[in-house]
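To start, the structure itself, in structure tokens.
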Amino acid sequence: FAAHPDFVRQAIALVKIIDVNDTTLTLLQARSKDELLVSLDRVFLPETQEAFTDELIAIAEGQTRYQAETVLQTLDGKRLSVLFTITFPADSATLDSVLVAITDITERKRLDNELRRSQAYLVAAQELGNTGSWARRVSTGENYWSEEVFRIFGLDPRTTPPTYAAATLFLHPDDRESVERTIEDAMRDGRNFEMDARVVRPDGSIRHIHFRGEPVFDRTGAIDEYIGVIMDITKRKRTERALRRARERALQARFSAVLEERTRLARDIHDTLLQGFTGIALKLVAAANTV
């Protein structure tokens with residue numbers, strides 16, 4: 001079929017629509033059956049030919065049913081996303097007729113596209129903000145991590161399951177006990193928790209994170225799950241450390257300058273007094289010699 005696309009187009013032209021119901025007329029914006037009982041060319045698009053090709057393959061393989069998502073064109077030129085369901089007769093030797101059901105899934109596809117776009121925006125926002133989201137179902141222990149959480153921990157989502165044990169495993173040894181105690185106490189009491197900690201990635205690099213979680217309650221008031229965020233604050237920590245060191249250097253330089261100035265003043269005062277006392281002493285010696 002890929003080598004002979006003309007054959008697919010010829011096969012489409014050979015198909016004759018025998019009958020349609022009123023819903024099909026409304027769906028394809030036809031005023032009467034006569035507008036549709038001609039050929040498929042009026043409602044098929046280039047993308048539809050791919051689905052028709054797969055249908056021919058299904059027939060060749062002896063299948064009794066074929067289903068696919070594709071697009072159609074209404075008689076007024078509007079694109080429709082549809083689900084084709086085709087049932088072949090038990091005796092497929094002649095295939096003189098097949099039953100085709102068309103389901104309009106345009107709205108569902110639109111919502112799917114909106115959802116994918118929203119998810120793409122969320123992933124981009126989390127990546128730009130170095131903030132990942134997580135959730136933990138209390139009753140089952142099931143966990144969810146966004147892609148950014150895996151990136152923060154330096155883990156591959158294809159090989160590492162998003163578990164609480166995996167998260168605590170990569171915590172810095174000096175922080176692990178306090179983090180586990182804080183989370184366990186918060187989950188036992190059903191309250192929020194928030195803390196800073198360090199993560200040791202598999203490659204040995206250390207990242208600073210801000211960890212936050214809050215409970216979600218069901219209708220009975222019991223905790224259903226915990227949700228939260230993990231923020232990579234390594235850059236902020238490094239900036240704070242650099243600012244702190246800069247302030248320390250500035251204070252040290254200021255202290256050194258003040259100390260140097262005080263030393264200079266003390267030296268000047270000392271020299272002036274020494275000179276004054278020396279002059280007085282010489283005058284006293286001179287006066288004593290003249291008596």
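The values are calculated or read from the model by the stated rules, or taken from the named source; none is laboratory data. This structure is a prediction, so every number in the text was calculated from the model and none was measured. Note that each Cβ is placed from the backbone with ideal geometry, even for glycine, and that neighbours are counted across all protein chains shown. All accessible areas refer to the heavy atoms of the entire protein, side chains included, with ligands and DNA or RNA removed. Shrake-Rupley method; radii C 1.70, N 1.55, O 1.52, S 1.80 Å.
What to note about this one:
- The chain - Debye-derived log10 I(q)/I(0), Cα point model, q = 0.11 Å⁻¹: -0.87
- For the range 20-31, Karplus couplings with θ = phi - 60° (6.51, -1.76, 1.60), whole Hz, Gly/Pro x: 9, 8, 5, 5, 5, 4, 5, 4, 9, 6, 9, 7
- Remark: the chain carries 68 Å² of accessible area per residue (probe radius 1.4 Å; ligands, DNA and RNA excluded).
- Rel. contact order, % - alpha carbon contacts under 8 angstrom, at least six apart, the range 1-105: 21
- Qualifying lysines (Cα of each under 25 Å from Cα of LYS33; at least 8 residues distant if same chain): LYS16, LYS78
- Accessible area of ILE206 in the full protein assembly, 1.4 Å probe (Å², nearest 10): 70
- Rounded to the nearest 20 debye, dipole of the chain from Cβ charges on Lys, Arg, Asp, Glu: 2260
- The portion of the accessible surface of the range 37-80 made up by carbon and sulfur, rounded to a whole percent, is 47 (1.4 Å probe; DNA, RNA and ligands excluded).
- Taking every C-alpha pair closer than 8 Å and separated by at least 6 residues, the mean separation divided by the residue count of the chain gives a relative contact order of 10 percent.
- Using the Karplus relation 6.51 cos²θ - 1.76 cosθ + 1.60 with θ = phi - 60°, the per-residue 3J(HN,Hα) values for the range 63-79 come to 6, 9, 8, 9, 9, 7, 9, 7, 10, 10, 10, 6, 5, 9, x, 8, 7 Hz, with x marking Gly and Pro.
- Solvent-accessible area of ARG136 with every protein chain in place, 1.4 Å probe, in Å² to the nearest 10: 60
- GNM result for the chain, Cα springs below 10 Å: residue of LEU45, LEU251, LEU56 fluctuating most strongly: LEU251
- Only helices enter this figure: runs of n ≥ 4 DSSP H residues, each worth -39500 (n - 2.57), summed and divided by the residues of the chain, yield -16500 deg cm²/dmol at 222 nm to the nearest 500.
- Modelled spin labels at VAL216 and THR74, positioned 7 Å past Cα toward Cβ, are 3.7 nm from each other.
- The phi torsions of the range 130-138, fed into the Karplus equation with coefficients 6.51, -1.76 and 1.60 and a -60° offset, translate into couplings of 6, 10, x, 10, 8, 8, 9, 6, 5 Hz, rounded to whole numbers, with Gly and Pro shown as x.
- Whole-number percent relative contact order across the range 140-199, with pairs defined as alpha carbons under 8 Å at least 6 apart: 30
- Rounded FRET efficiency, nearest 0.05, which uses the C-beta distance separating THR64 from LEU169 and R0 of 45 Å: 0.30
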